[in-house]
Amino acid sequence: MANHNQHADVASTTEINHVDIAIVGGAMAGATLALGLAELAKQSRSHLTAPIKIALIEAHKPSSEHPGFDARSIAISHGSIFELKQLGLWQHLDALAEPIHNIHISERGNFGMTELNRESLHLPYLGQVVELEAVGHKLFNLLEKSEVGLYCPAKLQSVAAGIDAQLLTLEDGQQISAKLLIAADGVNSKVRQAFKQPLEQVDFNQTAIIANIHTEQPHNGWAYERFTQTGPLALLPMAANQGESRLSMVWALEPSDAERLLNAPKAEFISELQHAFGYRAGRFIDIGERFSYPLMLSYMPRPIYQRTIFLGNAAQTLHPIAGQGFNLGLRDVVCVLDVLKQELANPEHQDIGSVAVTHAYLERRKADRQSTMNNIEFLVRGFSNDHWPLVIGRNLGLRLLSWFPPLKAPVARQAMGWNKG
């Protein structure tokens, strides 16, 4: 594998590195795609005249400071784990994961509540929780052993669209020409900005505080979604650390409350959290470092451009209410791999970055992207509203799920990520 370091003495060279596919952004979506493409390139060698060359450009090495591999934990759905197994990646991440056996959904101060349980759905788990920093190190270890040309740490300075290829210039002067450019560089995508592509945004006027919580009693694989007056409060089970039971917290608050609680003394924060959540998960006894970020829905109406595909958070960034961000991004990744596999298997294959390839991706992702974004916006607005008909309606809905278990099947299917684009 060619490993290109930003600090190498390359500023004086003008040689262009020609590749078939360049990925900008190496967090969860970009790293997963690069590894999937490396495997696809191996499988395609026998019938292609030349091997596929792949480059991955990433500004940061994995650490708690990495914006994509930071201190957060994420829930990987049952459907996403199936896809990661198909890609040969889950076996490397399995040891880092903590299973979700049950999900408890409730609304503070009202009667609505329901549960999803692995036993009733005849599954070993509903999903798994991983810490992003640990996953980042594992994925980068795999990348360094692969045939992907890894440019890290390296920042994109500019990109110029060409008829036959996109030309990327890095801040250290290196240049890469790619027949297909894949932008996985997050909500502030530099590729999207360079091509002046539109981004729609819906501001929910909420700020999320994230932190790890230590609890007095073991979590026993329970995840919680608690709807409060200010917004949803989610707790995910984490792997024990030195015997301590831990939960990963995402708490959506009004911006002024979030600012106050972010800077509040630890004891005060824990007290307010306990009051908002209750004691269903036991007593909260400690909290790690707190982080915050504004909550909004950002999406590109058309996540393609000339010889360019946008995926993951570069294409759409979701409210964390249902934990679907990475799961939707992984379905983007799988779709790219499927489209390219079909293209490479075509005897008349000519151009991996053709209009046919980018438009096939656009059409195949349209329905899943739209329905997922609509469902999440409905949840956010429906559960962040004290209008009494809505309060009664949503609480009856949660109760109905408890009273009539067959109604849970489509809800569980959505929660577990069984949506194919």
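Just need a number here: residues in segment 112-141 that are within 30 Å of Ala22 (Cβ to Cβ) and either assigned to a helix (DSSP H, G or I) or open to solvent by 30 Å² or more (accessible area, probe 1.4 Å) (or both).
11
Please work out which residue is surrounded by the most Cβ atoms within 10 Å (Cβ to Cβ), limiting yourself to segment 219-265 and to residues that are basic (Lys, Arg) and under 23 Å from the mean Cα position of the chain (by Cα).
By that ranking, first place goes to Arg246.
I want to confirm something. Restricting to segment 170-214 and keeping residues that are within 21 Å of the chain's Cα centre (by Cα) and under 30 Å from Phe284 (Cα atoms), which single residue is surrounded by the most Cβ atoms within 10 Å (Cβ to Cβ)?
Only one residue tops the list, namely Ala208.
Can you confirm whether Ile163 is touching a residue at least 24 places away in the same chain (Cβ under 8 Å), out of contact with any Pro (no Cβ under 9 Å at 6 or more places or on another chain) and of a type outside the set (Asp, Glu)? I'd like the intermediate steps shown before the answer.
Numbers: touching a residue at least 24 places away in the same chain (Cβ under 8 Å): no; out of contact with any Pro (no Cβ under 9 Å at 6 or more places or on another chain): yes; of a type outside the set (Asp, Glu): yes.
Here the answer is no, as Ile163 does not meet what is asked.
Within segment 300-325, track down each residue that is of a type in the set (Phe, Trp, Tyr) and within 14 Å of the chain's Cα centre (by Cα).
Selection gives Phe310 alone.
Exactly one condition in (1) modelled with pLDDT of 95 or more; (2) surrounded by 19 or more Cβ atoms within 10 Å (Cβ to Cβ); (3) of a type outside the set (S, T, N, Q) is not met by Lys85; state its number.
(2)
The values are calculated or read from the model by the stated rules, or taken from the named source; none is laboratory data. Keep in mind that this is a model prediction, so the values were computed, not measured. We place every Cβ from the backbone using ideal geometry, glycine too, and count neighbours over all the protein chains shown. Remember, those area values only see protein heavy atoms, side chains included, never the ligands or the DNA or RNA. Shrake-Rupley method; radii C 1.70, N 1.55, O 1.52, S 1.80 Å.
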